[in-house]
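So that we are looking at the same thing, I have put the structure below in structure tokens.
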Amino acid sequence: MMNNINEMKFATKAIHAGQEPDPTTGAVMTPIYQTSTYWQKSPGEHKGYEYSRGTNPTRKALEDCLAALENCKYGLAFSSGMGATDAVLRLLKPGDEVITGNDLYGGSYRIFTKVYEKYGIKFHFLDLSDPENIKPHINQNTKLVWIETPTNPTMRIIDIEGVAKITKANNILLTVDNTFASPYLQNPIDLGADIVMHSVTKYIGGHSDVVMGALLTNNEQLYKDLFFVYNACGATPGPQDAFLVLRGIKTLHLRMKAHCENGEKVAHYLKNHPKIDKIYWPGFEDHPNHAIAKKQMRGFGGMVSITLKDADLQETFRIASRFKVFSLAESLGGVESLVNHPTTMTHGSIPKADREKVGVTDNLLRLSVGVEDIDDLLADLEQALS
């Protein structure tokens, strides 16, 4: 149906990439192939599908669509973002070292320190706001640099292209967690990354009804290595979830525009609010690395974090529980607005001293600004902060 999909604009890719009319019925929407196994004419003679842990037509359509959105050739969908993260780490062996940020999603920190460190893999948690900070920690055992940008939850911006120049010069893999930006705002492969990771649960799915992860790459050997893990270890999603994400992707460009518009208005509203001490949003000119954000992103997204002025934990809980339109909940990136308390929710696995060094304090709240009417969102913030 679609020729030269990689030459199409983002919105067209979101609606058509990886998807063709069903050859049997002509159905425009990708069918849900709810099957665990596939008929073979004779042993080994099949149509590319054998068993749905490894391959499924609905999931393959999604993977091809995700790859197109990230301007690369290969995609793999996983049953969660952590399943995708785990697959990358399984490329390592005991004695290998990883350089990563000191301002990191709590789930990533947990799998690094609580799961893989005991297998002899060493992690360096650094301030990556300047790529040059990486160089002193590189040695012959350094195999992977893992970054997220914007970071969760303090919205630090990492220079992907700057980091990629260092990793390529030293033959080190670079993986970028692109969850906060989504492929609509940022494409790390174009900036030199080897692997892009997404928690598809968030902006890509967009409706808080699916848990999924993804890995995207242009490197055929990396794809084969990751596919081996994907098939052998089995953290693959079912066709129903793949169908829901394909449906969600069709409005990704529309949703992201609204998230960005509302996020900007919320950030400006809160910047000088008397109850707010600090605000983290990369669209402000005084935000650290704002110039990098402006260069590598096409917008500043719908994530805004704030610290409350003179608020202890009890007062922070009181305010977090007062919202009426924003829901107090884990996760982010859905059409509905969410408020999150990182130190007791998404980042609870990180030691308090380590959290506080990078600004993740007990009085910090993370806002995932949804696509509701902005007047209702601002009124909700006003009443919650009163």
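Quick one: Leu328 ticks every box in (1) more than 18 Å from Phe112 (Cα to Cα); (2) surrounded by 19 or more Cβ atoms within 10 Å (Cβ to Cβ); (3) touching a strand residue (DSSP E or B) at 6+ places or on another chain (Cβ under 9 Å) bar one, so which box is it?
So Leu328 meets the others, but not (2).
Can I ask one more? Residues of the stretch 266-284 being within 16 Å of Gln383 (Cα to Cα) and either touching a helix residue (DSSP H, G or I) at 6+ places or on another chain (Cβ under 8 Å) or outside the structural domain of Asp376 (by TED's automatic domain parsing) (or both), which ones?
Val266, Tyr269, Leu270, His273, Lys275, Ile276 - these are the residues of the stretch 266-284 that are within 16 Å of Gln383 (Cα to Cα) and either touching a helix residue (DSSP H, G or I) at 6+ places or on another chain (Cβ under 8 Å) or outside the structural domain of Asp376 (by TED's automatic domain parsing) (or both).
Going by the structure shown, is Gly301 surrounded by 15 or more Cβ atoms within 10 Å (Cβ to Cβ), on the phi > 0 side of the Ramachandran plot, small (Gly, Ala, Ser) and modelled with pLDDT of 95 or more? So that I can check it myself, show each step before the final result.
Values: surrounded by 15 or more Cβ atoms within 10 Å (Cβ to Cβ): yes; on the phi > 0 side of the Ramachandran plot: yes; small (Gly, Ala, Ser): yes; modelled with pLDDT of 95 or more: yes.
Yes; evaluated as a whole, the condition is true for this residue.
Still on this structure, please answer the following. Considering each of Lys250, Lys278 in turn, give the residue that is in contact (Cβ under 8 Å) with a residue 24 or more places away in the chain, surrounded by fewer than 19 Cβ atoms within 10 Å (Cβ to Cβ) and closer than 30 Å to Val28 by Cβ.
Numbers: Lys278 fails: closer than 30 Å to Val28 by Cβ.
Checking each option against the conditions leaves just Lys250.
I'd like to know if the stretch 285-304 contains one or more residues that are under 20 Å from Ala379 (Cβ atoms) and either aliphatic (A, V, I, L, M) or touching a residue at least 12 places away in the same chain (Cβ under 8 Å) (or both).
Among the residues of the stretch 285-304, at least one is under 20 Å from Ala379 (Cβ atoms) and either aliphatic (A, V, I, L, M) or touching a residue at least 12 places away in the same chain (Cβ under 8 Å) (or both), which makes the answer yes.
Determine the pairs where a residue that is farther than 16 Å from Glu50 by Cβ, located within the stretch 25-38, has a partner that is among the charged types (D, E, K, R) with Cβ atoms under 7 Å apart, the partner being 6 or more residues away or on another chain.
If the second residue must be among the charged types (D, E, K, R), the pairs left are Pro31/Asp22.
Under 14 Å from Leu367 (Cα atoms), in contact with a Lys or Arg (Cβ under 7 Å, 6 or more places away or on another chain) and not basic (Lys, Arg): which single residue out of Val335, Val304 fits that description?
None of the others qualify; the one that does is Val335.
I've got another one for you. If you take the residues of the stretch 362-377 that are among the acidic types (Asp, Glu) and part of a helix (DSSP H, G or I), which of them is farthest from Pro342 (Cα to Cα)? Walk me through it before giving the result.
Step one: filter the stretch 362-377 for residues among the acidic types (Asp, Glu), giving 362, 372-373, 375-376.
Imposing the further condition that a residue be part of a helix (DSSP H, G or I) reduces the set to 375-376.
Values: Asp375: 26, Asp376: 24 Å.
Of everything passing the filter in the stretch 362-377, Asp375 is farthest from Pro342 (Cα to Cα).
Go over the candidates Asp209, Asp159, Asp190, Asp177 one by one and state the one that is charged (D, E, K, R), within 30 Å of Leu365 (Cα to Cα) and either surrounded by fewer than 20 Cβ atoms within 10 Å (Cβ to Cβ) or assigned by TED's automatic domain parsing to the domain that holds Leu332 (or both).
Asp209
Among Ile189, Ile166, which is the only one that is more than 20 Å from Ala87 (Cα to Cα), in contact (Cβ under 8 Å) with a residue 12 or more places away in the chain and either in a helix (DSSP H, G or I) or not hydroxyl-bearing (Ser, Thr, Tyr) (or both)?
Exactly one of Ile189, Ile166 is more than 20 Å from Ala87 (Cα to Cα), in contact (Cβ under 8 Å) with a residue 12 or more places away in the chain and either in a helix (DSSP H, G or I) or not hydroxyl-bearing (Ser, Thr, Tyr) (or both), namely Ile166.
Taking the stretch 279-319 only, how many residues are under 24 Å from the mean Cα position of the chain (by Cα) and over 30 Å from Ile189 (Cα atoms)?
2
One line per residue, one yes/no per condition, for (1) under 16 Å from Met212 (Cα atoms); (2) exposed (fewer than 12 other Cβ atoms within 10 Å of the Cβ); (3) out of contact with any helix residue (DSSP H, G or I) (no Cβ under 6 Å at 6 or more places or on another chain):
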| residue | (1), (2), (3) |
| --- | --- |
| Ile5 | no, no, no |
| Lys13 | no, no, no |
| Pro23 | no, yes, yes |
| Val28 | no, yes, yes |
| Lys47 | no, yes, yes |
| Leu66 | yes, no, yes |
| Gly75 | yes, no, no |
| Ser80 | yes, no, yes |
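Can you name the residue in the stretch 349-376 that is surrounded by 19 or more Cβ atoms within 10 Å (Cβ to Cβ) and small (Gly, Ala, Ser) and is also nearest to the chain's Cα centre (by Cα) among such residues?
Ser368
If you go through the stretch 194-218 one residue at a time, how many are of a type outside the set (Val, Ile, Thr), closer than 24 Å to Gly263 by Cβ and assigned to a loop (DSSP other than H, G, I, E, B)? Spell out the reasoning first.
Taking the stretch 194-218 and keeping what is of a type outside the set (Val, Ile, Thr), we get 194, 197-199, 202-203, 205-209, 212-216, 218.
Pick out the ones that are also closer than 24 Å to Gly263 by Cβ and you get 197-199, 202-203, 205-209, 212-214.
Of the ones still in play, those that are also assigned to a loop (DSSP other than H, G, I, E, B) are 202-203, 205-209, 212.
Total satisfying the criteria: 8.
Here's a check for you: in the stretch 306-361, which residue that is among the charged types (D, E, K, R) and part of a loop (DSSP other than H, G, I, E, B) is nearest to Lys257 (Cα to Cα)?
Keep residues of the stretch 306-361 that are among the charged types (D, E, K, R), which gives 309-310, 312, 315, 318, 322, 324, 330, 336, 352, 354-357.
Retained after the next criterion (residues that are part of a loop (DSSP other than H, G, I, E, B)): 309-310, 312, 322, 324, 330, 336.
Details: Lys309: 31, Asp310: 34, Asp312: 35, Arg322: 28, Lys324: 24, Glu330: 23, Glu336: 14 Å.
Checking each candidate, the answer is Glu336.
The values are calculated or read from the model by the stated rules, or taken from the named source; none is laboratory data. What you are looking at is a predicted structure, and each value in this text was computed from that prediction instead of being measured. All Cβ positions, glycine included, derive from the backbone under ideal geometry; neighbour counts span all protein chains shown.
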